[in-house]
1. How about the range 140-223: which trypsin sites (Lys or Arg not before Pro) there lie in a loop by DSSP and see at most 15 other Cβ atoms within 10 Å?
2. List, in order, the whole-Hz ³J(HN,Hα) value for each residue of the range 51-64 obtained from phi through the Karplus relation with A = 6.51, B = -1.76, C = 1.60 and θ = phi - 60°; use x for Gly and Pro.
3. Can you give the calculated 222 nm mean residue ellipticity of the chain, where each DSSP H run of n ≥ 4 adds -39,500 (n - 2.57) and the sum is split over every residue, rounded to the nearest 500 deg cm²/dmol?
4. Neighbour counts of other C-beta atoms within 10 Å: give me Cys72, Cys132 arranged from fewest to most.
5. Along the positive direction of the dipole of the chain (beta-carbon charges: Lys, Arg +1; Asp, Glu -1; about the Cα centre), which of Pro84, Leu104, Val25 reaches farthest?
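Derivation of every value follows stated rules applied to the coordinates shown; laboratory data play no part. Small disclaimer: the values here were computed from a predicted structure and weren't measured. Here Cβ is always computed from backbone atoms with ideal geometry, including for glycine, and neighbour counts include all displayed protein chains.
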Amino acid sequence: MPALGPDSLVFNTTNIVSAGLREIVRAAVAGGYDAITVWPQDLRGLQAEGRDLADARRLIEDAGLVVADVDCLLTWSELVRPKPGEAMIELLEEDAYFEVAEALGARSINLTQGFGTELDYDRAAEDLARVCDRAREHGLLVTYEFLPWSGVPDVAAALDLVTRTGRANATILFDSWHWFRGAADLEMLRAIPGERIASTQWNDAPREAWASLPEEAMRGRLLPGEGAIPLVELVRVLDEIGCRAPVGVEVIQARHETMEPERVGRDTAAAMRGVLAEARPGRANGKGVDRG
């Protein structure tokens with residue numbers, strides 16, 4: 001499991017939704033990141049070249065990077081599967097995520113409820129516990145990402161769900177955009193045990209939400225510091241509660257799709273380092289090297 005901590009920067013694959021692994025690595029290196037996240041689909045470009053998962057791992061490690069999260073498992077329970085015609089993205093089964101996570105030496109598998117607005121927590125916890133047991137056999141954490149429009153809409157609800165599993169490797173992924181468009185409650189966040197938050201995703205948002213939250217989430221996030229989310233205070237609260245999660249940067253916005261990966265890597269890293277410098281004066285964050 002990669003040794004990542006609260007001063008490590010993680011480049012999220014969704015900073016460039018259309019990218020493959022080569023582009024993700026180029027962006028992360030340019031921004032001086034420590035790690036990346038991957039979707040299993042990100043590897044298809046390499047596979048089309050006749051390369052395998054061992055080649056993918058060498059590409060990542062030769063760049064001085066490790067894999068944090070394998071994102072985002074949406075088929076972990078029958079309760080969260082979409083209705084016919086509801087899914088607008090390709091859904092892969094659980095085995096694909098574990099295969100990639102093990103082959104690339106990942107730290108965790110992230111999952112969420114991508115479809116539906118309600119969830120039976122007791123039944124969902126049983127399914128989540130099963131995933132956690134499988135993950136433990138591979139030395140993996142499982143992170144649950146709350147979504148404001150789902151049956152697990154905020155960080156307190158996520159804590160409720162992962163606690164019901166009774167599994168120590170059942171943890172929370174904290175995303176600043178989901179927090180802001182959801183409860184946006186700092187006291188709720190302060191009540192969360194810091195060790196239960198294992199991954200983070202940072203980004204910003206305008207004060208006024210789009211008409212469609214899912215559309216904004218997938219096209220209209222802002223660079224850290226460009227919007228209305230109190231990011232400096234959020235960083236400090238997570239530090240106060242003892243969160244040791246690495247700092248993931250996930251700025252999903254349409255214009256990134258037309259930019260060079262290196263530019264996306266530099267811009268996202270610089271923006272997040274600016275927030276961290278204000279929140280944590282005197283601390284290094286990530287490699288701190290612009291390799292562009």
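1. Taking the range 140-223 and a limit of 15 other Cβ atoms within 10 Å, the loop trypsin sites (Lys or Arg not before Pro) found are Arg207.
2. Running phi through 6.51 cos²θ - 1.76 cosθ + 1.60 with θ = phi - 60° gives 9, 10, 5, 5, 5, 4, 5, 5, 4, 5, 5, 5, 8, x Hz.
3. -11000 deg cm²/dmol
4. Sorted ascending by nearby Cβ count, the order is Cys72, Cys132.
5. Positive-end residue among those listed: Val25.
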